[in-house]
Amino acid sequence: MEWWVWLFTGLVLLALELLTPGALFLVFFGAGAIAVGLLSAIGLGGPLWLQILLFALLSLAALFTLRRLLLSKLHLRLPDRMIDRLVGETALALEDIAVDGVGKAELRGSTWNARNVGEAPVSRGQRCTVMRVEGLTLWIYEE
């Protein structure tokens, strides 16, 4: 395959990555195609089967080694950070919750599962403080 076809394919894949922001998958395949195109341009690409093998190996190696690093550097895992902002907020118990018990609480207009990790039971209608968020469960204690 001609070297310019690999470069064009790589640029198309990079452009498609821009249409799916945050995914960070196609960028590695685009980079792999560009790398194979450059190798082919200087005469190191070899036959078509080798070019396809190089494309697959380079793309997958980059995907598995660099994606997590790039996601952390670009701070694209915002939902975790937004959940952490709930710590210290005040929730309203929707039912009586015994010590180490689980019930329902309202926070920012949404109903959550709530685990009472305080030293005293929480009564219905009582305000409580969010100590931790684990999945869809608020860990609360009496204010």
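Could you put Ser40, Ser72 in order, starting from the residue whose Cβ has the fewest other Cβ atoms within 10 Å?
Ser72, Ser40
Return Ile140, Ile42, Ile34 ranked ascending by Cβ neighbour count within 10 Å, so the fewest neighbours appear first.
Ile42, Ile34, Ile140
Fewest first, what order do Thr129, Thr20 take by the number of other Cβ atoms within 10 Å?
Thr20, Thr129
Tell me the label-point distance for the pair Leu71, Thr111, using the 7 Å Cα-to-Cβ offset, in nm and rounded to one decimal.
In this crude spin-label approximation the distance works out to 3.2 nm.
Could I have the simple spin-label model distance between Leu14 and Leu94, label points 7 Å from Cα toward Cβ, reported in nm to one decimal?
5.0
Once Cα extents along the principal axes in Å is worked out from the coordinates, which option in (1) 75, 24, 20; (2) 51, 47, 25; (3) 83, 27, 25 does it equal?
The value computed from this structure is option (1).
Quick one: dipole size for the stretch 81-142, taken about the Cα centre, charges +1 on Lys/Arg Cβ and -1 on Asp/Glu Cβ, in debye to the nearest 20.
260
Please identify which residues in the stretch 14-37 have an amide N closer than 14 Å to a label point set 7 Å out from the Cα of Leu60, following the Cα→Cβ vector.
Taking a point 7 Å out along Cα→Cβ of Leu60, the residues of the stretch 14-37 whose backbone N falls under 14 Å are 29.
Values quoted throughout were computed directly from the atomic coordinates according to the rules given, and no laboratory measurement underlies them. Since we're looking at a predicted model, the values are computed, not measured. Quick reminder, even Gly has a Cβ in these numbers, built from the backbone with ideal geometry, and neighbours come from all protein chains shown.
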